[in-house]
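Engineer: Dumping the structure here so I can ask a few things about it.
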Amino acid sequence: AGEGRPTIVLMGDSQGSMYGSLLVEIAKEQGLNLNVISDAGGNPIPPSELYRDWIALLRRRKPRVTIVAIAWDRLNADRALLDETLEGVFKESETCILIGQVPHLPNYATREKFRETGLVPIYEDAEVKQKRGEANRLLEKYKSPDCRVLSVDPYVVDEAGGIMFTDEAGRQIYHDKT
């Protein structure tokens, strides 16, 4: 089914899983083939089994677009490891989209706590924010006509640096740890 329709592959860990439902809806609306290969608890960094599965799927599907969303900070700003992680993706994909890592919610940002106190400002731990920022900035080096890098911060971090857990209508913006 869907032969001849453009193929999109979404790959990732819990960051990738977070976008799966939305992309399924978009793919259906646009008549696209979508493959999602993400594992909320998995390690997508080579030489992991999940990474090998990614590359095998890309070789089989030959996607027009590959979207990668992982906790980039797990690479510890290691450019060589990032190169290794993305090399196979770039080789097997026509176009790539790298989605920057979303902020880490602090431990107090739980549904239970919000029920007790109401929605209070949420701020990412400064050290964690710095590490995530370094990882996201490293992604910028891969921008090219065939690779787009999307920063999520403009959509989930307010002007004061707070994490926007919900939008104006009270809908949860993203879900990763809660």
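The values are calculated or read from the model by the stated rules, or taken from the named source; none is laboratory data. If you're wondering where the values come from, they're calculated on a predicted model, not measured in any experiment. Cβ atoms come from the backbone with ideal geometry, glycine included; neighbour counts cover every protein chain shown. Calculation scope for accessible area: heavy atoms of the full protein, side chains included, ligands and nucleic acids excluded. Shrake-Rupley method; radii C 1.70, N 1.55, O 1.52, S 1.80 Å.
Engineer: How many of the residues making up the stretch 3-19 are over 23 Å from GLN172 (Cβ atoms), surrounded by 16 or more Cβ atoms within 10 Å (Cβ to Cβ) and either small (Gly, Ala, Ser) or without any contact (Cβ under 8 Å) to a residue 60 or more places away in the chain (or both)?
Structural biologist: 2
Engineer: Which one is modelled with the highest pLDDT, of the residues in the stretch 152-178 that are open to solvent by 60 Å² or more (accessible area, probe 1.4 Å) and within 19 Å of TRP72 (Cα to Cα)?
Structural biologist: PRO154
Engineer: Quick test of your reading of the structure: GLN30 fulfils all but one of (1) without any contact (Cβ under 8 Å) to a residue 40 or more places away in the chain; (2) polar (S, T, N, Q); (3) within 18 Å of SER151 (Cα to Cα). Name the failing condition by number.
Structural biologist: Tallying (1) without any contact (Cβ under 8 Å) to a residue 40 or more places away in the chain; (2) polar (S, T, N, Q); (3) within 18 Å of SER151 (Cα to Cα), GLN30 fails exactly one: (3).
Engineer: Just the residues that are surrounded by fewer than 20 Cβ atoms within 10 Å (Cβ to Cβ) and either of a type outside the set (A, V, I, L, M) or at pLDDT below 90 (or both), please, taken from the stretch 20-38.
Structural biologist: Once the filter is applied, which keeps residues that are surrounded by fewer than 20 Cβ atoms within 10 Å (Cβ to Cβ) and either of a type outside the set (A, V, I, L, M) or at pLDDT below 90 (or both), the stretch 20-38 yields GLY20, SER21, LEU22, GLU25, LYS28, GLU29, GLN30, GLY31, ASN33, ASN35.
Engineer: Okay, moving on. Listed residues PRO121, PRO44, PRO106; which is modelled with pLDDT under 90, closer than 20 Å to LEU23 by Cβ and not in a strand (DSSP E or B)?
Structural biologist: Only one candidate qualifies: PRO44.
Engineer: Here is a follow-up. Residue pairs, Cβ under 6 Å, 6 or more apart or interchain, first in the stretch 39-50 and open to solvent by less than 20 Å² (accessible area, probe 1.4 Å), second among the aromatic types (Phe, Trp, Tyr). List them.
Structural biologist: PRO44/TYR51
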